[in-house]
Each structure stands twice: as structure tokens, then as C-alpha cells.
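Asks: Dumping the structure here so I can ask a few things about it.
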Amino acid sequence: FEDGYQWFYEGRNGWWRYDERANEEIEEAFKAELPNFELIICGELYVVDFKSNYQYSKRCPTRKRAIRRDKIDNVVVKGVAGIR
Ligand code: V3L
């Protein structure tokens, strides 16, 4: 975005960027101050929860991944949506 912020989810020893479309949609929901945002990842419905700063699939909500909004220079980035 123009302000340099991006959305990331947690991987092992680093962070993955969300794909561009998800990144834009998450940012839009965040700026609208929605409590959470739902998106489909590989055919699976996930919740991005801005209150707890986790994402999880609705099928297995106890398996959570941290999310993060930050400038890319502050983040150890593994790649984009699982692609290195
Ligand atoms: N975008 C793309 N794929 C995702 C996302 C997302 N936002 N969330 C989960 N997955 P879980 P390392 C990740 C994938 O949380 O080596 C990475 O993208 C997730 O992929 O248990 O540990 C890598 O591809 C996982 O394959 O519901 O850093 C991979 O893990 C699957 O959905 C390995 O990354 C289940 O995730």
C-alpha cells in the first residue's frame, strides 16, 4: 500500500506475505475496523481475527497462526502465500 504496510502470516522461522488479493481485502477490512475477515485459502474458509491477531480455518479453529501488519523491511519474509 502507499503507506508501505503489508499483511503477513506466521511460518517456521519467518513470515509469509498474503497473496496480493488477500492482502488488499484484509487491509480494507482492517481499515473499516471490522473485528475479523473471512477468506478462502485453497478451498478452505479461514478467519483473520484482528482482535487476537491470529488466522485459523473454520474447520479447525484451535490451530491458529499469528498474523502481522508491518512494513516489509521490518519482517523476515519467506515468500508469498507459500511460494518462495
Ligand atoms: N495463505 C496461503 N496458504 C496458507 C495460508 C494463507 N494465508 N494460511 C495457511 N496456509 P493451517 P513453513 C503455510 C496453508 O494454518 O515452512 C505456508 O504458506 C499453510 O501454508 O494449519 O512452516 C507454507 O506453504 C499450510 O500448508 O490451517 O514456514 C507452509 O505453511 C496449510 O494452509 C509451510 O510453511 C494449513 O495451514
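A short reminder: the numbers here are calculations on the coordinates, not readings from a lab. What you see is a predicted model; the values in this text were computed from it and never measured. All Cβ positions, even for glycine, are placed from backbone atoms using ideal geometry, and neighbour counts span all protein chains on display.
Asks: Give the residue that is farthest from residue 66 (Cα to Cα), with candidates limited to residues of segment 1-22 that are of a type in the set (A, V, I, L, M, F, W, C) and within 13 Å of the ligand (Cβ to nearest atom).
Replies: Going residue by residue through segment 1-22, those that are of a type in the set (A, V, I, L, M, F, W, C) are 1, 7-8, 15-16, 22.
Then keep just the ones that are within 13 Å of the ligand (Cβ to nearest atom); that gives 7-8, 15-16, 22.
Numbers: 7: 11, 8: 8, 15: 9, 16: 11, 22: 16 Å.
Restricting to residues being of a type in the set (A, V, I, L, M, F, W, C) and within 13 Å of the ligand (Cβ to nearest atom), the top hit is 22.
Asks: I need every pair where a residue in segment 60-84 that is without any contact (Cβ under 8 Å) to a residue 60 or more places away in the chain has its Cβ under 9 Å from the Cβ of a residue that is of a type in the set (A, V, I, L, M, F, W, C) and surrounded by 13 or more Cβ atoms within 10 Å (Cβ to Cβ), sequence separation at least 6 or different chains.
Replies: 61/47; 66/8; 66/15; 83/16
Asks: Same structure, new question: Given the residues 67, 72, 83, which is the only one that is near the ligand (Cβ under 9 Å from one of its atoms), surrounded by 12 or more Cβ atoms within 10 Å (Cβ to Cβ) and of a type in the set (A, V, I, L, M)?
Replies: Numbers: 72 fails: near the ligand (Cβ under 9 Å from one of its atoms); 83 fails: surrounded by 12 or more Cβ atoms within 10 Å (Cβ to Cβ).
Criteria check complete, one pass: 67.
Asks: Is it the case, given these coordinates, that residue 26 is in contact with a strand residue (DSSP E or B) (Cβ under 7 Å, 6 or more places away or on another chain), within 13 Å of the ligand (Cβ to nearest atom) and among the hydrophobic types (A, V, I, L, M, F, W, C)?
Replies: Numbers: in contact with a strand residue (DSSP E or B) (Cβ under 7 Å, 6 or more places away or on another chain): yes; within 13 Å of the ligand (Cβ to nearest atom): yes; among the hydrophobic types (A, V, I, L, M, F, W, C): yes.
Considered against the rule, which asks whether it is in contact with a strand residue (DSSP E or B) (Cβ under 7 Å, 6 or more places away or on another chain), within 13 Å of the ligand (Cβ to nearest atom) and among the hydrophobic types (A, V, I, L, M, F, W, C), residue 26 comes out as yes.
Asks: Taking the criterion of being among the acidic types (Asp, Glu) and within 13 Å of the ligand (Cβ to nearest atom), would at least one residue in segment 36-48 satisfy it?
Replies: So the first thing to find is which residues in segment 36-48 are among the acidic types (Asp, Glu), and the list is 38, 44.
Going one step further and asking which of them are within 13 Å of the ligand (Cβ to nearest atom), we end up with 38, 44.
There is at least one residue in segment 36-48 that is among the acidic types (Asp, Glu) and within 13 Å of the ligand (Cβ to nearest atom).
Asks: May I pose another question? For segment 46-64, enumerate the residues that are over 13 Å from the mean Cα position of the chain (by Cα) and surrounded by 12 or more Cβ atoms within 10 Å (Cβ to Cβ).
Replies: 61 - this is the single residue of segment 46-64 that is over 13 Å from the mean Cα position of the chain (by Cα) and surrounded by 12 or more Cβ atoms within 10 Å (Cβ to Cβ).
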